[in-house]
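One structure below.
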Amino acid sequence: MTGSDVQLLGAAAIRELAGRLGVAPTKQWGQNFVVDANTVRRIVRAGDVGPQDVVVEVGPGLGSLTLALLEQAHRVVAIEIDPRLAQALPETVAAMAPSRAGDLEVVHGDALRVAELPGPAPTALVANLPYNVSVPVVLHLLATFPSIERVLVMVQLEVAERLAARPGSRTYGVPSVKAAWYGDVRLAGTVSRSIFWPVPNVDSGLVRIDRREPPAVEVSRAEVFACVDAAFAQRRKTLRAALKGWAGSADAAEAALVEAGIDPRTRGEQLDVEQFAALAAARTRVTA
């Protein structure tokens, strides 16, 4: 059931609510509250949220995006680390969206430590993520909940560009490769800093991830990610040099690269996720 009686929060309502709760946005938890109703509806549309979706939201704050999600989704599970905000959110939803209050579940906790969620398996992750933990949160939830088919997150624009970067670009790195392990990643738009309270000193970007099967290789995700981490730890070096610690020696790194069909003089920023997966698999073959 979607909600026709949902009222969204505007700037005045958010400030009034924050004042009533005695809440001031904290840098510790990277809090910047969205005060523009058009923006939260845009996020929901960009995530293709519909009545079939069980949506995980991280850092709901005062509930701006939560209410917009409840307009469209079947159910919302909101993970909030701030105890005051976690306690207040159900009351806000009951007041602003009475017909949907029963379709919200609030989990008070750290999204980086969540291993299970109540109710049906989530199908989407839609969130305005705290800048300081955005990439780890996305990767953790994709790894922990295979049922998540779509991700639409608002993050710092620089982080958004890094997540969506393609091989060979200046911003391509560890987050780009690891996100691509889980799905097709793209930049889905930019968002002005003016729609936040307090106004941050950076603009934001929307990142969309559509899950697909990871590369088919006979090694684990952890083994592939270890290769990725090693390749970018010294990104200016050739892979033969950068991977010598990971492979055991420069010669072993070269043997694995050759086995995977990759020029040892290549740098990590030139490989896509399939090539990293092939390289991790090749190392196990040449050292077997």
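The values are calculated or read from the model by the stated rules, or taken from the named source; none is laboratory data. Keep in mind it's a predicted model, so treat the numbers as computed, not measured. No Cβ is skipped: glycine too gets one built from the backbone with ideal geometry, and neighbour counts run over all protein chains shown. Surface accessibility is based on the protein's heavy atoms, side chains included, excluding ligands, DNA and RNA. Shrake-Rupley method; radii C 1.70, N 1.55, O 1.52, S 1.80 Å.
Assuming a ≥ b ≥ c are the square roots of the Cα gyration tensor eigenvalues, decide whether the range 33-92 counts as rounded (a/c under 1.5), prolate (otherwise, with a/b larger than b/c) or oblate.
Details: a/c = 2.14, a/b = 1.40, b/c = 1.53.
It comes out oblate by the Cα gyration axes.
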Compute the relative contact order of the range 168-261 as a whole-number percentage, counting only Cα pairs closer than 8 Å that sit 6 or more residues apart in sequence. 20
Gaussian network model of the chain, Cα within-10 Å springs - most flexible of VAL177, VAL153, VAL202: VAL202
Neighbour-limited loop hits for GluC sites (Glu not before Pro), the range 189-269 (at most 11 other Cβ within 10 Å; DSSP other than H, G, I, E, B): GLU218
Among [x] 52, 43, 34; [y] 64, 43, 37; [z] 65, 38, 28, the entry matching Cα extents along the principal axes in Å as calculated here is [z]
For TRP181, what accessible surface area do you get with a 1.4 Å probe? Give it in Å², rounded to 10. 20
Pick out, in residue order, every one of the trypsin sites (Lys or Arg not before Pro) in the range 198-261 that is DSSP loop and has at most 12 other C-beta atoms within 10 Å; say none if there are none. ARG212, ARG236
Looking at the square roots a ≥ b ≥ c of the eigenvalues of the Cα gyration tensor of the range 1-143, which shape do they give, rounded for a/c under 1.5, prolate if a/b is larger than b/c, or oblate? rounded
Counting alpha carbon pairs within less than 8 Å and at least 6 residues apart, what relative contact order, in whole percent, applies to the chain? 15
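Net charge near PRO264, counting Lys/Arg +1 and Asp/Glu -1 over other residues with Cβ under 12 Å of its Cβ?
+1
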Could you state how much accessible area LEU142 has, in square angstrom rounded to the nearest 10, with a 1.4 Å probe and all protein chains kept in place? 10
Once normalised by the length of the range 68-131, the mean sequence separation of its alpha carbon contacts under 8 Å that are 6 or more apart gives a contact order in percent of 37
Net charge around ALA255, counting only other residues with Cβ within less than 11 Å of its Cβ (Lys, Arg = +1; Asp, Glu = -1)? 0
FRET E, pair GLU259, HIS108, Förster distance 41 Å, beta-carbon r, rounded to 0.05: 0.25
Rounded to whole Å², per residue accessible area for the chain with a 1.4 Å probe reads 43
Env charge @ ALA288, Cβ radius under 13 Å, K,R +1 / D,E -1, value 0
Quick one: with all protein chains in place, what share of the accessible area of the chain is carbon or sulfur, to the nearest percent (1.4 Å probe)? 50
Calculate, in nm to one decimal, what GLU149 and ARG45 gain on full extension: separation in residues at 0.36 nm each, minus their alpha carbon distance. 35.9 nm
